[in-house]
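Below: one structure, written as structure tokens.
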Amino acid sequence: MKKLISAFAVGAALLTNAYAAGYPEKPITAIVPFPPGGSTDSIARALGPKMHQTLGQPLVVENKPGATGAIGAGVVKNAPADGYTFMVASIGVYAVNPVLQKKLAYDPSKDFDLLTVAVRAPNVLVATPAFPTNNLQDFIAHLKKNPGKVTFATSGAGSSDHLTAALFWQQTGTSGVHVPYKGGAPAINDLLGGHADVSFQNINVVAGHIAAGKLKALAITGDKRSALLPNVPTLAEAGVKNVDVYSWQGVAAPKGLPADVKTKLLGAITGALNDPDTKRRLTSQGFEIVANTPEEFAKFQAQELARWKQVIEVGKIELD
């Protein structure tokens, strides 16, 4: 019996190795659980050229939007764990949906092989040019003198920009009026039009508007200043601690990838991220390349989940 089990184990290992040796034999699909054109979509598409070169097969990006990323994540959960499907998704899919969505069809901690955090980018607190304060200290004082009056535009309830605002209010003892939109584009448009006061937005989305004088930057949420906005202080520099926040995109696959396939796929993804041309293009947009290990991603995801769970519970945040 022991010999039979041993023979079976050896046979399975040989089969896996043979499979991995031929992998990939067809195009690979990257599921993006959001509409085309956003930050997550751009990261997925940036991987394509170098991955094609490395693996010899094209990368096909499929957008599966809906339920703040939960629909696309469910598609990936139920896909075969064969290395031909993976997901590029943002913080909400991995660390916010599990808290806010009561009947979530996936568990990010159990249903995926977490491969790598691809990139991260800080948010930036921006205000309309006409807003009466020009630095963070005066802004906080203004909020305290006008509780519940300053409007904070966000891309929706539970979004990264909403949760950043909630954490900011909690850490500074201030408040504001949350104005959720159906996506970042309409939120920014209303901000540019003067119909909202301020917003915490991804730096890569608003850097151009800041440079053009259409918005003014008050602070960066990162742990260091951004090369895109070197004259804008971090929240910590301006006296607000424990609000270091990054929006980030992580890559995951269906649970149970064969070890050799996982190694090959992960190597192609991190190789694409660290390719000089790709890296130059992404960093010029304000992204920082992370490309960490699966173990580091799993630890980070657990920390993020715990952090935002606390912010959501303290802020009594619910989906609209």
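Read-outs throughout are calculated quantities, based only on the coordinates presented, and are distinct from any laboratory measurement. Everything quoted here is computed from the prediction, not taken from an experiment. Cβ sites come from the backbone with ideal geometry, for glycine too, and all protein chains shown count toward neighbours.
List the trypsin sites (Lys or Arg not before Pro) within the stretch 197-261 that DSSP assigns to loop and that have no more than 10 neighbouring Cβ atoms inside 10 Å.
Values: sites: Lys214, Lys216, Lys224, Arg225, Lys241, Lys255; in loops: Lys214, Lys224, Arg225, Lys241, Lys255.
Sites meeting the loop and neighbour criteria: Lys241.
Return the distance in nm (one decimal) between the two label points of a simple spin-label model at Asn231 and Ser284, each offset 7 Å from Cα along Cα→Cβ.
Modelled inter-label distance: 2.3 nm.
Take the alpha-carbon centre of the stretch 217-263, take the same for the stretch 87-164, and report the distance between them in whole Å.
When both Cα centres are located, 12 Å separates them.
Going through the cross-link list Lys102/Lys279; Lys182/Lys214; Lys216/Lys241; Lys50/Lys241, which pairs have a Cα-Cα distance over 30 Å in this structure?
Exceeds cut-off: Lys102/Lys279; Lys50/Lys241.
Semi-axes of the stretch 85-239's equivalent ellipsoid from the Cα gyration tensor, sqrt of 5 times each eigenvalue, largest first, rounded to whole Å?
28, 18, 15
Once both labels are modelled 7 Å past Cα along the beta-carbon direction, what's the Ala79-Val61 spacing in nm?
Computed distance between label sites Ala79 and Val61 equals 1.4 nm.
Which order do peptides 166-173, 41-48, 276-283 fall in by mean Cβ count within 10 Å, highest first?
Packing order, densest peptide first, comes out as 41-48, 166-173, 276-283.
Taking GluC sites (Glu not before Pro) as exposed when DSSP calls them loop (any state but H, G, I, E, B) and at most 12 other Cβ atoms lie within 10 Å, what is the longest stretch of the chain free of them, the sites themselves excluded?
Answer from the scan: 26-317.
Would you mind working out the magnitude of the charge dipole of the chain relative to its Cα centre, with +1 at each Lys and Arg C-beta and -1 at each Asp and Glu C-beta, to the nearest 20 Debye?
Numbers: 30 positive and 24 negative charges, 43 e Å.
Approximately 200 debye in magnitude.
If the chain between Glu25 and Gln171 were fully stretched, how many nm would it gain, using 0.36 nm times the residue separation less the Cα-Cα distance?
Computed gain between Glu25 and Gln171 is 47.4 nm.
State, as an integer percentage, the relative contact order of the chain based on alpha-carbon contacts under 8 Å between residues 6 or more apart.
So the answer I get is 26 percent.
Please report the antiparallel percentage of the DSSP beta bridges confined to the chain, to the nearest 5.
Values: 25 of 39 bridges.
So the antiparallel bridges in the chain amount to around 65 percent.
At q = 0.11, 0.14, 0.20, 0.22 Å⁻¹, what base-10 log of I(q)/I(0) does the Debye formula yield for the stretch 177-272 when every alpha carbon is treated as an equal point scatterer in vacuo?
Summing over Cα pairs of the stretch 177-272 leads to -0.51, -0.71, -1.01, -1.12.
Can you give the extra length, in nm with one decimal, that the chain gains between Lys224 and His178 once fully stretched, where that is 0.36 nm per residue apart less the Cα-Cα distance?
On the way: separation 46, 0.36 × 46 = 16.56 nm, distance 2.68 nm.
Extending this stretch completely gives an extra 13.9 nm.
Check each of the trypsin sites (Lys or Arg not before Pro) in the stretch 83-135 and keep only those in coil by DSSP with at most 16 other C-beta atoms within 10 angstrom; list them in order.
In loop regions of the stretch 83-135 (DSSP not H, G, I, E or B), the sparsely surrounded trypsin sites (Lys or Arg not before Pro) are Lys102, Lys103, Lys110.
For the chain, what is one quarter of the convex hull surface built on the Cα atoms, given in nm²?
Across all orientations, the chain yields a mean hull projection of 17.5 nm².
Suppose we keep just the alpha-carbon trace of the stretch 116-170; what are its Rg and Dmax in angstrom?
Calculated on Cα positions, Rg and Dmax stand at 13.2, 44 Å.
Using a/c under 1.5 as the rounded threshold, could you call the stretch 232-320 rounded, prolate or oblate? The axes a ≥ b ≥ c are square roots of the C-alpha gyration tensor eigenvalues, and prolate needs a/b larger than b/c, oblate otherwise.
The shape class here is oblate.
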